[in-house]
Amino acid sequence: MTRDMRGAVLSVAGAAVLWSSGGLFIKLAPMPALAVAFGRALVTVVFYALVVRPSLRRARWTTALAYACMILTFVSATKLTTAANAIFLQYTGPAYVLMLSPLILREPFRRLDALCVALSLAGMSFFFVGRVETGQLTGNLLGALSGIFFALTVLLLRRDARGEQGDSLPSMMLGNLLAAALALPFAIGPMRALTLTGASVLLYLGIVQMGIAYMLFNRGLKRVPAAEASLISMLEPVLNPVWVLLGTGERPGPWALLGGGVVIASVVLRTALQEPSA
């Protein structure tokens, strides 16, 4: 492995590790879910505006809206259910990518894809087994919905990359603006009572967990093949519950661990066995 390739792999791995810290810091944020979503999105916008300076004229509204909905549903799910449930349910997204790719990207749907979709949906069902409290049920449903928006975001970013834009950062910046605007009515009160701890958490989430992480990921993808990048990114759902357990003592239930294992296995199986691009 060359030095440049090793650096690219480390960039993708670094992005996944930073993403994985989101569950812990969202849990630690002393404010409601939509206030967290607002603050994180706003900080990310300011960070990109100062450091990257992407042109919003090149952004696609459909991509930005899907991205904004993914942010809002995932943060809300993490607050309402366990961090493990939220991240595992979001990673059912690749199954929806496979199902929707023929419609949006005109990509073929193979028998292996059908198997992986079935495995992902089977894994998702384990999160709703047994006694689930009302709040946690709402969080699980939002986590499942986040998986759908995650899939739409991936598909639309792929579509944009094939077009004239060739750059995802403008749409991501617009998506953060939309997320902040949608969450603003629910964030005004909590933001007025913002503490030093709350501000520190939002700065970390916006600059490090989102801003720097996506910059690392984009840099790594210039050299790392998509299949390998997908496998490396699985560090996120693996590490996310670990950080939350160490930081807050929150433990995922046995059904969640089983379901998460099935979801992760389906993504790894599809990535490892997919046919190389021509």
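The values are calculated or read from the model by the stated rules, or taken from the named source; none is laboratory data. It should be emphasised that the depicted structure is a prediction, and the values quoted were computed from it without experimental measurement. Cβ placement follows ideal geometry from the backbone for every residue including glycine, while neighbour counts extend to all protein chains displayed.
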- request: Those residues that are in a helix (DSSP H, G or I) and surrounded by 13 or more Cβ atoms within 10 Å (Cβ to Cβ), I need them from the range 180-194; list them, please.
  value: ALA180, ALA181, LEU182, ALA183, LEU184, PHE186, ALA187, PRO190, MET191
- request: Kindly list, by first and then second residue, each pair from a residue in the range 201-214 that is on the phi < 0 side of the Ramachandran plot and assigned to a helix (DSSP H, G or I) to a residue that is surrounded by fewer than 23 Cβ atoms within 10 Å (Cβ to Cβ) and of a type in the set (S, T, N, Q), limited to pairs with Cβ atoms under 7 Å and residues at least 6 apart or on different chains.
  value: GLN209/SER21
query: Within the range 237-252, restricting attention to residues that are of a type in the set (Val, Ile, Thr) and under 22 Å from PRO94 (Cβ atoms), which residue is farthest from the chain's Cα centre (by Cα)?
result: VAL242
message: Every residue in the range 233-262 that is surrounded by 21 or more Cβ atoms within 10 Å (Cβ to Cβ) and β-branched (Val, Ile, Thr), please.
response: VAL244
- prompt: Which condition breaks for VAL201 when tested against (1) at pLDDT 95 or above; (2) under 30 Å from SER101 (Cα atoms); (3) surrounded by 15 or more Cβ atoms within 10 Å (Cβ to Cβ)?
  reply: (2)
message: Taking the conditions exactly as written (over 17 Å from the mean Cα position of the chain (by Cα) and either surrounded by 24 or more Cβ atoms within 10 Å (Cβ to Cβ) or not in a helix (DSSP H, G or I) (or both)), does MET99 satisfy them or not?
response: no
- request: Note down all Cβ pairs under 7 Å where the first residue falls in the range 102-117 and is in a loop (DSSP other than H, G, I, E, B), the second is modelled with pLDDT under 80 and hydrophobic (A, V, I, L, M, F, W, C), and they're at least six residues apart or on different chains.
  value: PHE109/LEU98
